[in-house]
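Notes follow the structure.
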Amino acid sequence: MGFYILRIIVLSVFDYFSYRDYLQAGFAARLSKNPSYSLRAFARDLGLSPSQLSQVLSGAYGLSLVAAGRVGKALELTTEEQKYLNDLVTMLHGRGFQQRENARKRATGACRSLRREIDLDSFLNISDWCHLALRELCVLPDFSDDPAWMASRLNLDENTIREAWERLLRMGLVSQSAQGDWLPQPYFATPTDQAHVAGKIFHRQMIEKAREALEMQPLLERDFSGLVLAFASEQMPEAKRLIRDFRRSFEPLLKEQRSSQPDSVYGLTIQLFRLD
């Protein structure tokens with residue numbers, strides 16, 4: 001009976017690119033249904049020991065494939081879902097680079113959240129950089145939805161912050177948990193290779209912010225690198241794919257490897273263009 005309840009309220013593993021995020025979301029879902037539900041009970045239902053689950057969720061230890069198999073059985077995952085969960089584990093804890101890389105590629109192709117798109121007309125409403133920065137501020141431990149606090153962190157006026165925050169709420173890009181914490185919703189992307197005024201606005205602003213950082217921020221707080229190389233113009237689609245794969249895996253992999261709470265919001269820009 002316990003497993004049956006678990007199956008009803010667990011979210012799809014394909015919506016996550018991190019097995020820790022998947023497990024944490026599962027625990028949060030159960031807790032919202034039953035406030036007395038504990039981490040010990042969650043460990044029992046997953047077939048893990050409480051200490052093992054606690055260490056896995058905190059990042060102190062990784063989930064083994066054997067333990068992933070027990071979790072999948074407890075959650076009644078299908079064969080394909082179990083394979084995907086195993087890939088999430090292997091891409092972080094596989095024994096060799098090639099094994100980890102192959103698992104990452106398979107997971108990248110299967111993860112729904114990496115293919116979730118927002119239409120370009122909707123993106124126009126939040127094309128100003130501050131919307132995505134506000135969305136990421138939510139994960140900071142000291143986050144406050146006080147417009148004055150958010151304005152001070154992003155060096156913007158309070159009216160701009162209020163309007164941007166209201167747009168994020170209307171579009172469902174941030175939400176509040178049962179415990180009152182603000183959470184960014186799974187990331188989105190705009191359709192690739194489609195020119196649009198919204199995309200131009202966003203990238204123009206990000207390039208300008210990068211220029212300001214180059215002049216104003218100390219080297220320890222930024223990293224700028226460049227590469228000049230010659231290749232056939234017909235390879236441009238493959239170059240775009242490689243950059244896109246890196247961008248999609250960068251954030252979840254960095255999150256998995258962090259050893260402390262986030263304290264700042266960063267921007268990542270990658271530019272590839274002809275010089276001749």
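The table for this structure:
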item: Those aspartates and glutamates that a straight Cα-Cα span of less than 16 Å connects to Lys240, excepting residues fewer than 8 apart in one chain; result: Asp193
item: Ranked packing of 56-62, 127-133, most packed first, by mean Cβ within 10 Å; result: 127-133, 56-62
item: Tensor-based shape of segment 134-175 (alpha-carbon gyration tensor, a/c under 1.5 rounded, otherwise prolate or oblate); result: oblate
item: Cβ crowding within 10 Å averaged over residues, with 39-45, 218-224 ranked highest first; result: 39-45, 218-224
item: Packing rank of 159-172, 76-89, where each peptide gets the mean count of other beta carbons within 10 Å, highest leading; result: 76-89, 159-172
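Read-outs: derived from the displayed coordinates by stated rules, not from any lab. Treat the numbers as computed from the prediction; the structure is a model and nothing was measured. Using ideal geometry, Cβ is built from the backbone for each residue, glycine included, and neighbour counts are taken over all protein chains shown.
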